[in-house]
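What follows draws every value from the coordinates through simple rules; no lab data is involved. Keep in mind that this is a model prediction, so the values were computed, not measured. Reconstructed Cβ throughout: ideal geometry from the backbone, glycine too, with neighbour counts over all protein chains shown.
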Amino acid sequence: MISIGRIKRPVSPAGSKDVSKGRKGSETNFDQVLAQMSRRESRPVKISAHASARLRQRRIYLSGEDMERINRAVEKMSEKGARESLLLMRDLALLVNVKSRTVITALDGQNMRDKVFTNIDSAMII
């Protein structure tokens, strides 16, 4: 007797791959990307030459504690997807490129009066 429609062994569709074989490699790749992102976020904030000149010119001095506060703020802004941000700290305004973690320019209280800040996508008071 002939049996029609009976499959003797499991058959995979044409062109499909066994997913279980590639899974370990992709997990490792994800772990590597996650570790790389963590290292990138923990980089300290840099002060550009322009911002450094403005800080000196305006006799503004940033302490280690100030830099730590700026670092934490930039990390939070990065998590939210910010790109160009205005940081307000005491009587100081800092324009920061979040992706490169760089302070672009700095203004003190006297110099920020009547100023319009353009090309920023976020602001944070610290």
Dipole moment magnitude, nearest 20 debye, the range 27-126 about Cα centre, only Lys, Arg, Asp, Glu C-beta charged: 400 debye
Show the residues, 5+ positions off or on another chain, whose built amide H is closer than 5 Å to the amide H of Leu92. none
Determine the sum of side-chain charges near Asn119: Lys and Arg each +1, Asp and Glu each -1, restricted to other residues whose C-beta is under 12 angstrom from that of Asn119. -1
Hey, can you grab everything whose amide H is under 5 Å from the amide H of Thr102? Only 5+ residues off in sequence or another chain; H modelled, so Pro and N-termini drop out. Lys46, Asn97
Pull out the extension gain between Gln110 and Tyr61, defined as 0.36 nm times the separation in residues minus the alpha carbon to alpha carbon distance; nm, one decimal. 16.1 nm
Would you mind pulling out the separation of the Cα centroids of the range 68-87 and the range 110-126, in Å? 14 Å
HN-Hα J in Hz across the range 62-77 - Karplus 6.51, -1.76, 1.60, θ = phi - 60°, x for Gly and Pro: 9, 7, x, 5, 4, 5, 5, 4, 5, 4, 4, 5, 5, 4, 4, 5
Starting from the amide H of Ala123, placed 1.01 Å from N in the peptide plane, find each other amide H under 5 Å away whose residue is 5 or more places distant or on another chain. Leu86
